[in-house]
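Student: If you scroll down you'll find the structure; I have some questions about it.
The values are calculated or read from the model by the stated rules, or taken from the named source; none is laboratory data. Since this is a predicted model, take the numbers as computed values, not measurements. With ideal geometry, Cβ positions are generated from the backbone for all residues, glycine too; neighbour counts draw on all protein chains shown.
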Amino acid sequence: MAASEAAIKVRGVFHRFGEEGDQRFVRALADTSLEVAEGELLCLIGPSGCGKSTLLNIIGGLMEPSAGGVEVRGQSVRGPLPRDIAFVFQENSLFPWNTVVENIELGMTFQGVAKSERAARAAEALEAVGLKEFAHHYPAQLSGGMRQRAALARALSLKTPILLMDEPFGALDEQTRMILGEDLSVLLARTRKTIVFVTHSLGEAVFLADRVAVFSARPGSIKQVIAVDEPHPRRPEFVTSAKFTSLRNQLYGLLHDEIRKAVHQSTALGASRPV
Amino acid sequence: MQRHDRGTAVSRLIQAGFLVGLVLIWYLAATRWGVNRLLLPNPVAVYSDLLDILLSGEFVEDLQTTLGELAAAFAISATGGLALGYLISRSRYWIDVLEPLFAAVYAIPIILFLPLFVLFFGLGPASKIALGATISFFPIVINTIAGFGHVDRLLVTAARSMGASDYHLFRYVLLPAASPVILTGLRMGFTTALLSIIGSETLASLAGLGHRIVHLAEAMEMARMFAYIVFVIAIAVTLNAIVSALEARGKRN
């Protein structure tokens, strides 16, 4: 397979929640198409409720689209693909009754990794995210940022070529989020995974992404895709560069009208925000 | 930490002091304040009767009857409550239909149906077992539904995304998520079974500890009756401590 071959192909995906005429009926996605190249990091950004998380779940086989389809590495998606795709969710997706290392090993148990390999791979993943000393802590004993590192370690230990991240730092404070973003960029530059990363932070999108796909307000579809031509790993200085600022401003311009529309929608319709 | 320990010690002391004070008031009431001995026997007499009961072993038969009824009732309600609760929790529809129904029935004092149970199952252990099983079924089934039915969806989704099979999902996600709530239900079921069985023995029965207490009351043997009450309390407290310890241990693992 050539390096430029698309790892993920999204073709004309529509998605709606509920039935037409229903009070909770929501058109989440309308005619969304997208390709993600092998080894590329694509950010999905858009107003709240625009369907970016829905699209991520559809790509990962956790939801079935109402129309259209997704291909991952040449096979059409019918359900979860644990050998190809690992998820990192927004927060609290670790099993609270297991320690960090148990969580990681359990993920590998689910995926079908041989028992003899699990301990070594868990240790390696913990090392990569800098949580070695916290292997035997329970999630409740960790800060929000550390929990997300642990969730990332669990995803990395699965050694999937594709990583889908749903606002993984969304619940964290700005400073923690910045540090985790820098670490993530370094880590991902090493692993060369294909990544789709949902965020609503403009800075995070520009800092991490090879390309940023901007969503329109609901029903969501991709309004424009912007390329961030900057090698990985990104350096902290990138944030203060003129290039960063201009890209960020460009994104802001694209998003501003959509956010206005979304806010108008949610106040007019009584905010029924799908997952 | 030390401050916490001292706080615990003080509250233990208050609890012990309360019990000692109670026995003291009892003693004074029986000996100095002229309360009729038929209403309130001297605690010293109760103590010597209690020793006699324990040493002669006359309690064994009644205890066996009561504990046998309890074991049978709890085995039935635990099996039925866990199995039915799990099956119901598989369907959002059945949770919505049955959970409020069970909660409503749980609020009814089922002991009111004791005469009916006696008519159906006779005065012997069968009616106590049936009543105890019925009463303790509800907290168990309600908590089992609550435990399995309200597992965080994100954890299920995360497990599925990593390739968890149905067995994996049950063993590593649903069961650990539900077990604290289910264990509480089992403990509540056990306690209500014990209470309702001893209670129904005092109302209509041929044997058992509750029966013995009423029998002694009718014979005006107050000191011995009080001795049996103390004995039953000790049994109940011990059983409750064992079950609570098992519950706590189950929640840790």
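Student: Collect the residues in the range B:132-165 that are among the hydroxyl-bearing types (Ser, Thr, Tyr) and either within 7 Å of another protein chain (Cβ to nearest Cβ) or more than 20 Å from B:Arg92 (Cα to Cα) (or both), keeping them in residue-number order.
Tutor: Initial filter on the range B:132-165 (among the hydroxyl-bearing types (Ser, Thr, Tyr)): B:134, B:136, B:144, B:157, B:161, B:165.
Of everything in the range B:132-165, those that are among the hydroxyl-bearing types (Ser, Thr, Tyr) and either within 7 Å of another protein chain (Cβ to nearest Cβ) or more than 20 Å from B:Arg92 (Cα to Cα) (or both) turn out to be B:Thr134, B:Ser136, B:Thr157, B:Ser161, B:Ser165.
Student: What residue, of B:Ser161, B:Ser205, B:Ser200, is in the same structural domain as B:Gly80 (by TED's automatic domain parsing) and in contact with a strand residue (DSSP E or B) (Cβ under 7 Å, 6 or more places away or on another chain)? Break it down into steps so the answer makes sense when it comes.
Tutor: On the way: B:Ser205 fails: in contact with a strand residue (DSSP E or B) (Cβ under 7 Å, 6 or more places away or on another chain); B:Ser200 fails: in contact with a strand residue (DSSP E or B) (Cβ under 7 Å, 6 or more places away or on another chain).
Selected residue: B:Ser161, the only one of B:Ser161, B:Ser205, B:Ser200 that is in the same structural domain as B:Gly80 (by TED's automatic domain parsing) and in contact with a strand residue (DSSP E or B) (Cβ under 7 Å, 6 or more places away or on another chain).
Student: What is the one condition in (1) out of contact with any Leu (no Cβ under 7 Å at 6 or more places or on another chain); (2) free of Cβ contacts under 8 Å to residues at least 24 places away in the same chain; (3) hydroxyl-bearing (Ser, Thr, Tyr) that B:Thr191 does not satisfy?
Tutor: Every listed condition holds for B:Thr191 apart from (2).
Student: Additional query: Filter the range A:55-75 down to the residues that are among the charged types (D, E, K, R) and touching a residue at least 60 places away in the same chain (Cβ under 8 Å), then identify the one that is farthest from the other protein chains (Cβ to nearest Cβ). Before you say what the answer is, go through the steps one by one.
Tutor: First pass over the range A:55-75, keeping only residues among the charged types (D, E, K, R): A:64, A:71, A:73.
This time we only want the ones that are touching a residue at least 60 places away in the same chain (Cβ under 8 Å), so: A:71, A:73.
Numbers: A:Glu71: 18, A:Arg73: 16 Å.
Residue satisfying both the conditions and the ranking: A:Glu71.
Student: Residues being within 14 Å of chain B (Cβ to nearest Cβ) and modelled with pLDDT of 90 or more: count how many of those fall in the range A:24-53.
Tutor: Qualifying residue count, the range A:24-53: 0.
Student: Any residue at all in the range A:23-40 that's in a strand (DSSP E or B), among the charged types (D, E, K, R) and surrounded by fewer than 15 Cβ atoms within 10 Å (Cβ to Cβ)? I'd like the intermediate steps shown before the answer.
Tutor: Going residue by residue through the range A:23-40, those that are in a strand (DSSP E or B) are A:26-37.
Narrowing the set further to residues that are among the charged types (D, E, K, R) leaves A:27, A:31, A:35.
From what is left, the residues that are surrounded by fewer than 15 Cβ atoms within 10 Å (Cβ to Cβ) are A:31.
Yes, there is a match, as at least one residue in the range A:23-40 is in a strand (DSSP E or B), among the charged types (D, E, K, R) and surrounded by fewer than 15 Cβ atoms within 10 Å (Cβ to Cβ).
Student: While we're here: Provide a single number: the residues in the range B:30-45 that are of a type in the set (Lys, Arg) and within 33 Å of the chain's Cα centre (by Cα). Please lay out each step first, then the result.
Tutor: Of all residues in the range B:30-45, those of a type in the set (Lys, Arg) come to B:32, B:37.
Checking which are within 33 Å of the chain's Cα centre (by Cα) leaves us with B:37.
Residues that pass the stated criteria total 1.
Student: Being within 26 Å of B:Asp96 (Cα to Cα) and part of a helix (DSSP H, G or I): is that true of B:Val214 here?
Tutor: Values: within 26 Å of B:Asp96 (Cα to Cα): no; part of a helix (DSSP H, G or I): yes.
In short, no.
Student: Consider B:Ile108 against the criteria (1) out of contact with any Gly (no Cβ under 9 Å at 6 or more places or on another chain); (2) part of a helix (DSSP H, G or I); (3) free of Cβ contacts under 8 Å to residues at least 40 places away in the same chain: it satisfies all of them except one. Which criterion is unmet?
Tutor: Tallying (1) out of contact with any Gly (no Cβ under 9 Å at 6 or more places or on another chain); (2) part of a helix (DSSP H, G or I); (3) free of Cβ contacts under 8 Å to residues at least 40 places away in the same chain, B:Ile108 fails exactly one: (2).
Student: Next question. Considering only helices (runs of 4 or more DSSP H) fully contained in the range B:1-101, which possess at least 3 residues that are outside the structural domain of B:Ala217 (by TED's automatic domain parsing)?
Tutor: Per the criteria, B:2-31, B:43-56.
Student: Taking helices (runs of 4 or more DSSP H) that fall entirely within the range A:76-178, which contain at least 1 residues that are on the phi < 0 side of the Ramachandran plot, surrounded by 18 or more Cβ atoms within 10 Å (Cβ to Cβ) and at the interface with chain B (Cβ under 9 Å from one of its Cβ atoms)?
Tutor: Working: elements: A:100-111, A:115-129, A:144-157.
Of the helices (runs of 4 or more DSSP H) lying wholly inside the range A:76-178, those with at least 1 residues that are on the phi < 0 side of the Ramachandran plot, surrounded by 18 or more Cβ atoms within 10 Å (Cβ to Cβ) and at the interface with chain B (Cβ under 9 Å from one of its Cβ atoms) span A:100-111, A:144-157.
Student: Output the number of residues of the range A:85-110 satisfying the condition of being in contact with a Lys or Arg (Cβ under 9 Å, 6 or more places away or on another chain) and among the polar types (S, T, N, Q). Let's see the steps before the verdict.
Tutor: Just the residues of the range A:85-110 that are in contact with a Lys or Arg (Cβ under 9 Å, 6 or more places away or on another chain), to begin with: A:86, A:88, A:91-94, A:100, A:103-110.
Now narrow it down to the ones that are among the polar types (S, T, N, Q): A:92-93, A:103, A:109.
Residues that pass the stated criteria total 4.
Student: Determine whether the range B:229-252 contains at least one residue that is part of a helix (DSSP H, G or I), of a type in the set (Lys, Arg), more than 24 Å from B:Leu119 (Cβ to Cβ) and free of Cβ contacts under 8 Å to residues at least 12 places away in the same chain.
Tutor: Keep residues of the range B:229-252 that are part of a helix (DSSP H, G or I), which gives B:229-252.
Next, from what is left, pick out any that are of a type in the set (Lys, Arg): B:249, B:251-252.
Narrowing further to those that are more than 24 Å from B:Leu119 (Cβ to Cβ): B:249, B:251-252.
Among the residues that remain, those that are also free of Cβ contacts under 8 Å to residues at least 12 places away in the same chain are: B:249, B:252.
The answer is yes, given that some residue of the range B:229-252 is part of a helix (DSSP H, G or I), of a type in the set (Lys, Arg), more than 24 Å from B:Leu119 (Cβ to Cβ) and free of Cβ contacts under 8 Å to residues at least 12 places away in the same chain.
Student: Also, quick follow-up: For A:Arg177, indicate whether it is over 22 Å from A:Glu102 (Cβ atoms), in contact with an Asp or Glu (Cβ under 8 Å, 6 or more places away or on another chain) and among the basic types (Lys, Arg).
Tutor: On the way: over 22 Å from A:Glu102 (Cβ atoms): yes; in contact with an Asp or Glu (Cβ under 8 Å, 6 or more places away or on another chain): yes; among the basic types (Lys, Arg): yes.
So A:Arg177 passes the test.
Student: Now, a different point. Quick one: B:Ile140 ticks every box in (1) modelled with pLDDT of 95 or more; (2) in contact with a Phe, Trp or Tyr (Cβ under 8 Å, 6 or more places away or on another chain) except a single one, so which number is it?
Tutor: (2)
Student: Residue check: is B:His168 more than 14 Å from chain A (Cβ to nearest Cβ) and either farther than 30 Å from B:Leu114 by Cα or without any contact (Cβ under 8 Å) to a residue 12 or more places away in the chain (or both)? Working first, answer last.
Tutor: Values: more than 14 Å from chain A (Cβ to nearest Cβ): no; either farther than 30 Å from B:Leu114 by Cα or without any contact (Cβ under 8 Å) to a residue 12 or more places away in the chain (or both): yes.
When the stated conditions are applied, B:His168 does not pass them.
Student: Could you list, in sequence order, the residues of the range A:80-123 that are over 22 Å from A:Arg147 (Cβ atoms), of a type outside the set (Ser, Thr, Tyr) and over 18 Å from the mean Cα position of the chain (by Cα)?
Tutor: Just the residues of the range A:80-123 that are over 22 Å from A:Arg147 (Cβ atoms), to begin with: A:80-81, A:83-84, A:112-117, A:120.
Restricting the remaining residues to those that are of a type outside the set (Ser, Thr, Tyr) gives A:80-81, A:83-84, A:112-115, A:117, A:120.
The answer is A:Gly112, A:Val113, A:Ala114, A:Lys115, A:Glu117, A:Ala120.
Student: I want to confirm something. Restricting to the range B:171-205 and keeping residues that are charged (D, E, K, R) and more than 14 Å from chain A (Cβ to nearest Cβ), which single residue is nearest to A:Asn92 (Cα to Cα)?
Tutor: Of all residues in the range B:171-205, those charged (D, E, K, R) come to B:171, B:187, B:201.
Those left that are additionally more than 14 Å from chain A (Cβ to nearest Cβ): B:187, B:201.
Values: B:Arg187: 29, B:Glu201: 50 Å.
Going through the qualifying residues, I end up with B:Arg187.
Student: Please identify the pairs in which a residue from the range A:1-30 that is closer than 26 Å to A:Asp210 by Cα has its Cβ atom under 9 Å from the Cβ atom of a residue that is of a type in the set (Lys, Arg) and at pLDDT below 85, counting only partners at least 6 apart or on another chain.
Tutor: Once the first residue is closer than 26 Å to A:Asp210 by Cα and sits in the range A:1-30, its partners that are of a type in the set (Lys, Arg) and at pLDDT below 85 give A:Phe14/A:Arg27; A:Ala28/A:Arg218; A:Leu29/A:Arg218; A:Ala30/A:Arg218.
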